[in-house]
Each structure stands twice: as structure tokens, then as C-alpha cells.
Amino acid sequence: MNVTAKVFEPTSPDLLSEAVHQNSALSFAGILERTFTFAFRSMVYPQIWEDPRADMEALELTPQSRLVTIASGGCNVMSYLTANPARIYAIDLNQTHIALLKLKVAAAQHLPNHATFYRFFGAANDRRNIHLYNDLIAQHLDADTRGYWEGRDLTGRRRISRFARNFYHFGLLGRFIATGHLAARIFGANPKRMLDARTIEEQREIFAREIAPAFEHPVLRWITSNRASLFGLGIPPVQYDALCNGGSRRMSDVLRERSERLATGFDLKDNYFAWQAFGRRYPAQGEGPCPPYLDKANFMAVKARANRVNVIHDNMIRFLSNEPAESLDRYVLLDAQDWMDDAALNALWQEITRTARPGARVIFRTAGEESILPGRVSDATLDRWTYDAAKSAEIHNKDRSAIYGGFHLYVKNA
């Protein structure tokens, strides 16, 4: 990283360009890809949008597990610590995500108790959080990470001040959700009313009455027909096309279907993703669901194990290429493969296969329902893995994040 405490370049354009750019810069698709790359250099995910409880069930983590994952917002990395793995390598192309995860690791190690930890990352809207940062966390961060949080955004405020102003309202995802709430109100809906439900039956009634009609509005259909409309969800053009099944489905219909599952597929008392989507916050401490790393029962374990997290700014293929053969046994790819062309997919799986111990597990999500690997990754590589279709379907049905078409689990043959 060529950054200092005074100058922070949020994301290396080279790393991100390698991952996203598949078309000529002069083509329409290439322009969209480069627009997405520009947007993705800032904070995207204040909260990761994959369910760590589902992940951990599929991964079957043990005290010997050496796990590689994409860092994203860091929630799942911290939550995996509750399962007591030996080591977690958290890798990301986006340096703002790296800065966020390093902040979480340092806070877990140096904040005195669960109440202050939850106030910082659960409520994330208290002026006292800034004093906690200044007094207990800042001195334990490297210069680059301090440079990011103590640097100023376009409003002139220090970025760390976002934890006094509801951190989850920031980043591309936070602003996308805010825009969605505004659009819903314009179209006659009020997403916050979802949180009034006391049963799943009430959740279904409120969704049908308050939210579903908005997806039929012609203006919303027109807006979401543009592939740039979902950049705020971190969805590049190639993944947009996968969601629409190559254009055979309208994006507004896809969004309605996924929103309905988020709103009605799980009890709100057990789904913090729904709280963020419809309420733009977590419940008050002890009054509702939260990510595992923020659960009071897990605080001491997370605190004791935080030093097992290695935070790395790189792409997954390059990181794996420097690891010894058969040295790792758990891999979390999120939905990153949806971005990749065939050459990148094959390079990734060659390195995963080389570094994976027998019995290693790989999990990932896709915008569409089916695994994207058959027919794209070479048979010689895939033949060394077994796809667990039954377990994949079972975990997908338990995934409270509810926005993906498929969850996939591969196990390396002995």
C-alpha cells in the first residue's frame, strides 16, 4: 500500500480493475464497469450482507480450521471467531473495508466491555464512541488505518465521526437503503412499518400492503432497468445480468421477490438483516437480533481470539499463490465469482485446489440459482471436489440475508 496517515487512497484502482474490467473502455459495457469501479473505491458495505450463521453451519469450523475469506464489512470475519478457528485470513480489494475490519479487531481487543463494544458497532450513533476511539483504539491502529478514520470526507468531518451519526447510514449500501426508503415513500410505501409486525403472518400482511405495490410503479421499473441502478448494492454489470437471467426477467420483479423473502421468510425477531433493510439500524442492545460478534454471550470469545485475524489488502488469487500446498481448509468467496471471467475463475480454483487440504470446504453465493462453476472451471479441477447439492439447498433456505439466488458448498475429495 502506498498510503500514509495524511493521504489515504481508499482502493488501489489496479486491484479493483483486475477484478471488474472485462470489456473495452470505449464500449458501453466497459463504461459501466469503470463507473462501478469508481464507486467501489469508497466504503461500500458498512455491514456485510451474507448470513454468518448459515456460513458457519456449512463450514463446520474446528479449532484446527485455517480460513480464507473476503473481508467486506468485517461482520462475518468477527463472527467466525465465535466458532474458534485457528486462523482467519481476511482479504479485500477495497482499502476502506480493510480499515473497517482493522477498526473492529482493535476495538474488540481494547474496549473494556460488551456495552461499549455494542454501543460502538451496534448502535453506532453515540458521541461517546468518538472518545472511545481517541482514548482506547486509535493508538493501536497502524498509520494507514488511522489516516483513513481521522481523515475527512467531503463534508469536512472526520470519518470516525460516522460512529456518532449512525454508521450504517453511510457507505454505498447505507445510502442505497436510504434512497430505497425515500423512493418507497414517494411511491406510497413505508418500509419502517415492517418493524411493527409481531408475527410472520403480520409481516406478510404488511409487506403485501405497504411495500409490494411499489415494485409495480412504472418509474421504479424504469429506474431499475438501468444496470447502474444497483451499484449501491455493490452489484457490477455482469452480476446485474445474472440476476435478470440474461434479460429474461425484469429487475423490479427480481427485487420484489428477494425483498419479500427478506421481509417474510424469517421472523423479524431473528433477522437483523431485515432490521437494517427496513429500519436502517439494529435493535437496542438486548432487544433484538444482531450479528454473532455483537452478541453479549460471544464478546469475551471474540475479544480473546481477535488476534487470530490477519487483514490483507490483495486479491484472493495472488494471496493464495503465495501460500503453501495443503495449508488451508476453509474458503469463503461471498459472491465475488459472479464478477469473474473464465480465466479468473480457473486461476482461482487452481489455487484453491492446490492450497486446500483433503476435506476442505468452499462456500459461495450466486445471483442466480445454479452454481456457476460447471462448464466454466476445468473438469480436471472440479473433479477433485464434490458439490453438496442437498446441503447447499438447505443452507440457502436458512440464509437470513435472503437476497441471493443460490448458496453453494464444495468439499475437496480425500
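The values are calculated or read from the model by the stated rules, or taken from the named source; none is laboratory data. This one's a predicted model, so the numbers in the text were calculated from it and none came from an experiment. When we count neighbours, we look across all protein chains shown, and the Cβ atoms used for this are built from the backbone with ideal geometry, even at glycine. Quick note on the areas: whole protein, heavy atoms, side chains included, nothing else; ligands and nucleic acids left out. Shrake-Rupley method; radii C 1.70, N 1.55, O 1.52, S 1.80 Å.
Could you state the number of Å between the C-alpha centres of the stretch 246-300 and the stretch 87-154? Answer, in whole Å: 23. Return the lysines within reach of LYS104: Cα separation strictly under 18 angstrom, same-chain partners fewer than 8 residues apart disregarded; answer none if there are no such residues. LYS104 reaches LYS296, LYS303. Counting 0.36 nm for each residue step from GLU370 to ALA178 and taking away their Cα separation leaves a gain of 66.0 nm.
Here the Debye sum runs over all C-alpha atoms of the stretch 264-352 as equal scatterers in vacuum, and log10 of I(q)/I(0) at q = 0.12, 0.20, 0.21 Å⁻¹ comes out as -0.65, -0.99, -1.01. Looking at the chain, the DSSP beta bridges with both ends there are about 35 percent antiparallel. Taking every DSSP helix (H) stretch of at least 4 residues in the chain, weighting each as -39,500 (n - 2.57) and dividing the sum by the residue count yields a mean residue ellipticity at 222 nm of -11000 deg cm²/dmol.
GLU394 contributes about 70 Å² of solvent-accessible surface, heavy atoms of the protein only, 1.4 Å probe. Note on the stretch 81-166: Kirkwood radius taken over Cα pairs, Stokes-Einstein applied at 37 °C and 0.692 mPa s, translational D equal to 242 µm² s⁻¹.
Across every pair of non-identical alpha carbons in the stretch 45-89, the mean reciprocal distance, once inverted, gives a Kirkwood radius of 10.6 Å. A convex hull fitted around the alpha carbon atoms of the stretch 341-414 yields 92 Å³ per residue. I need the fraction of alpha carbon pairs in the stretch 122-181 separated by more than 14 Å, rounded to a whole percent. More than 14 Å apart: 60 percent of the Cα pairs in the stretch 122-181.
For the chain, the relative contact order is 21 percent, taking Cα pairs closer than 8 Å that sit 6 or more residues apart in sequence and dividing their mean separation by the residue count. Cross-link partners for LYS192 among the lysines, with Cα-Cα distance under 23 Å and sequence neighbours closer than 8 places in the same chain left out: LYS269.
If the chain linking ALA304 and ASN113 were pulled fully straight, counting 0.36 nm for each residue of separation and taking away their Cα-Cα distance, it would gain 67.5 nm. Hey, if you drop one equal point scatterer on each alpha-carbon of the stretch 171-227 and run the Debye formula without solvent, what base-10 log of I(q)/I(0) do you get at q = 0.26, 0.29 Å⁻¹? Rounded to two decimals, the profile gives -1.05, -1.13.
Simple point charges give the picture: +1 on the Cβ of Lys and Arg, -1 on the Cβ of Asp and Glu, and for the chain a dipole about the Cα centre of about 1480 debye. Per residue, the chain exposes 41 Å² of solvent-accessible protein surface, assessed with a 1.4 angstrom probe and all protein chains in place. I'd like the FRET efficiency for ALA297 and HIS131, computed as 1/(1 + (r/R0)^6) with the beta carbon distance as r and R0 of 25 Å, rounded to 0.05. Efficiency computed from Cβ-Cβ geometry: 0.40.
With the Kirkwood sum run over all distinct C-alpha pairs, the stretch 313-356 has a hydrodynamic radius of 10.8 Å.
The stretch between ARG209 and LYS192, if pulled fully straight at 0.36 nm per residue, gains 4.8 nm over its current Cα-Cα span. With a Förster radius of 35 Å applied to the beta-carbon distance between ARG221 and ALA343, the computed FRET efficiency rounds to 0.50. The calculated FRET efficiency for ASN322 paired with ARG53, based on their beta-carbon distance and R0 = 45 Å, is about 0.90. In percent, what relative contact order does the stretch 47-105 have, based on Cα pairs under 8 Å that are 6 or more apart in sequence? The value is 38 percent. Here is the size of the stretch 98-222 from its Cα atoms: Rg then Dmax, 18.8, 52 Å. When you work out D = kT/(6 pi eta Rh) for the chain at 25 °C and 0.890 mPa s, using the Kirkwood radius from C-alpha pairs as Rh and the Stokes-Einstein form, the result is 112 µm²/s.
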